[in-house]
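Structure first, then comments.
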Amino acid sequence: MDAPQDTKYAQGGPRDRLGRPLRDLRISVTDRCNFRCVYCMPKEVFGADYQFLERKALLTFEEISRIARIFTGLGVEKIRLTGGEPLVRRNLEQLVGLLAGIPGLDLTLTTNGSLLERKAAALRQAGLKRITISLDALDDATFKRMNDVDFPVSRVLAGIEAAAAAGLTPVKINMVVKRGENEADILPMARFFRGTGHILRFIEYMDVGHTNGWRMHDVVTAREIVATIAREMPLEPADPNYQGEVAERWRYRDGSGEIGIIASVTQAFCRDCTRVRLSTEGKLFTCLFATAGHDLRALLRGGASDTEIRDAVAAIWARRADRYSEIRTEQTAKLEKIEMSYIGG
Ligand code: SAM
Ligand code: SF4
Ligand code: SF4
């Protein structure tokens, strides 16, 4: 179904209470994952008896595609497929195909890379243009300790190669840095990806959800990360590619590439936050740290028209005043926030 002709929101779509437009939609296509990263889905919580969503609760590809078109009618320019691990959702390339057909949309996907060797070519063929792959260490023992399912680095590297060979470029690599786990891998990762054309991005460890036991002490700050790299490989700041870019860009002075730093804890970027998240079962969250969402699936399955859904979303956005990262404390970290694997990273 086509998105409704937009007249009401023609001026770039609705604005929230802090004047921010709606530009990015992150869609979680599954709450399941084949990894148990210690900072995201700790095994003690996401164990054998953990209740994941049932199949019928999940939005279908057709429902997701309908929602995506409605959102582009409200000003969304970029969609990221995520999860959980998006590539464990069967036939994901079919969804990519549906979304790639939306004119002018920047479509991308974040994956742990474990299934990419098999799937990269099919994703590219379906219309995906670029990809982000998470990798937290080059040292095998460290990486296995972090993913907690004994998954070797070599297979993620093979996935990265497959993505590049398929033309899913530029490949971005996400490394979450957690003190006491992998800060010794900052330099080896920087050395390894420098000059490859892949863009390595370091992410400050965040208090997502309420199961990862976050403490400020565990955050290796952006400043520490840049200083560590710059001591060996001189860096200079680079301009953002566009307003509201989440990653702060740094260039190697010798021209051998760039890195990004996502300093969501120490340099909150809420004032430019144009992101909204759709959970696997169709709940809309206006902040990564939200404690409740808005049920769009009920509208979809209850017979609402595209215009009715669009107006409901615009009204939700207009009420938004989220700025969690600007007000974070050790106390707020203990709130019962929605898990990232459910809401979408
Ligand atoms: N499974 C996919 C993956 O790992 O790339 C996609 C979903 S994952 C939730 C999306 C991103 O969030 C990953 O790059 C992951 O490293 C990051 N992430 C998860 N938990 C985090 C945390 N506590 N702090 C910072 N980043 C986190
Ligand atoms: Fe899975 Fe990604 Fe979370 Fe790791 S970060 S547990 S790969 S969803
Ligand atoms: Fe956006 Fe919420 Fe993150 Fe701030 S804390 S940048 S409002 S998602």
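The values are calculated or read from the model by the stated rules, or taken from the named source; none is laboratory data. Everything quoted here is computed from the prediction, not taken from an experiment. Here Cβ is always computed from backbone atoms with ideal geometry, including for glycine, and neighbour counts include all displayed protein chains. Keep in mind that these areas ignore ligands, DNA and RNA; they rest on the heavy atoms of the full protein, side chains included. Shrake-Rupley method; radii C 1.70, N 1.55, O 1.52, S 1.80 Å.
In the chain, the longest principal axis of the Cα atoms and the axis of helix 153-166 are about 60 degrees apart. A straight line joining the Cα centroids of segment 84-155 and segment 50-76 runs 19 Å. Normalised by the number of residues in segment 218-280, the mean separation of alpha-carbon contacts (under 8 Å, six or more apart) gives a relative contact order of 28 percent.
Would you calculate, for the chain, the mean residue ellipticity at 222 nm contributed by helices, counting each DSSP H stretch of 4 or more residues as -39,500 (n - 2.57) and dividing by all residues, to the nearest 500?
Rounded to the nearest 500, the figure is -8000 deg cm²/dmol.
The relative contact order of segment 24-343 comes to 20 percent, based on Cα pairs under 8 Å that sit 6 or more residues apart. Against the chain, whose longest principal axis is taken from its Cα atoms, helix 306-318 shows a tilt of about 50°.
Calculated accessible area for the chain comes out at 43 Å² per residue, all protein chains present (probe 1.4 Å; ligands, DNA, RNA ignored).
Converting phi to 3J(HN,Hα) with the Karplus coefficients 6.51, -1.76 and 1.60 and the offset θ = phi - 60°, segment 99-113 yields 6, 5, x, 7, x, x, 8, 8, 10, 9, 8, 10, 9, 7, x Hz in sequence order, with x at every glycine or proline. Note on segment 141-232: dipole from Cβ charges, positive end direction compared against 214, 159, 195; the farthest Cα belongs to 195. Amide hydrogen proximity for residue 85: with H placed 1.01 Å from N in the peptide plane, the residues at 5 or more positions away or on another chain lying under 5 Å are 32, 33, 34.
Note down the magnitude of the dipole of the chain about its Cα centre, charges +1 on Lys and Arg C-beta and -1 on Asp and Glu C-beta and zero elsewhere, to the nearest 20 debye.
500
Counted by Cβ distance under 14 Å from residue 28, the other residues give a net charge of +2, where Lys and Arg count +1 and Asp and Glu count -1. Taking the C-alpha atoms only, the angle from helix 116-126 to the longest principal axis of the chain is near 40 degrees. Net charge in the neighbourhood of residue 319 (other residues with Cβ under 9 Å of its Cβ; Lys, Arg +1, Asp, Glu -1) is +1.
Distance from the Cα centroid of segment 242-302 to that of segment 171-218 is 17 Å (rounded to whole angstrom). Each residue of segment 325-341 was assigned a 3J(HN,Hα) from its phi angle through the Karplus expression (A = 6.51, B = -1.76, C = 1.60, θ = phi - 60°), giving 5, 7, 10, 4, 9, 4, 6, 4, 4, 8, 4, 7, 7, 6, 5, 5, 5 Hz with x at Gly and Pro. Working note: Karplus 6.51/-1.76/1.60 with θ = phi - 60° gives segment 262-278 the couplings 9, 9, 5, 8, 8, 9, 4, 10, 4, 5, 9, 7, 10, 9, 9, 10, 10 Hz, where Gly and Pro are set to x.
Counted over all Cα-Cα pairs of segment 36-94, pairs farther apart than 19 Å make up 47 percent.
Out of the DSSP beta bridges found with both residues in the chain, what percent are antiparallel (nearest 5)? Walk me through the numbers before you get to the answer.
Values: 13 of 42 bridges.
Given both bridge residues lie in the chain, the antiparallel proportion sits at roughly 30 percent.
Across the accessible surface of segment 24-343, with the other protein chains kept in place and a 1.4 Å probe, carbon and sulfur atoms take up 50 percent. Taking the chain as a Gaussian network of alpha-carbon nodes connected by springs under 10 Å, the highest mean-square fluctuation of the residues 156, 96, 45 belongs to 45. Percent of Cα pairs in segment 191-345 per distance bin of 5 Å, from zero to the largest separation: 2, 8, 14, 17, 16, 13, 12, 9, 5, 3, 1, 0. Scaling the Cα radius of gyration of segment 24-343 by the globular reference 2.2 N^0.38 Å produces a ratio of 0.96. Partners of residue 178 within straight-line reach, counting lysines whose Cα lies under 22 Å from its Cα and excluding those fewer than 8 residues away in the same chain: 43, 144, 334, 337. For residue 134, the amide hydrogen comes within under 5 Å of the amide hydrogens of 111, 112, 113, 174, counting only partners 5 or more places away or on other chains and with H modelled in the peptide plane. Per-residue packing, averaged as other Cβ atoms within 10 Å, sorts the ranges 130-140, 227-237 into the order 130-140, 227-237, beginning with the highest. Work out the FRET efficiency for residue 50 and residue 155 from their Cβ-Cβ distance, taking R0 = 30 Å, and round it to the nearest 0.05. So the FRET efficiency works out to roughly 0.80.
Scanning residues 5 or more positions from residue 203 or on other chains, those with amide H under 5 Å from its amide H are 175, 176, 177, 262, with H placed 1.01 Å from N in the peptide plane.
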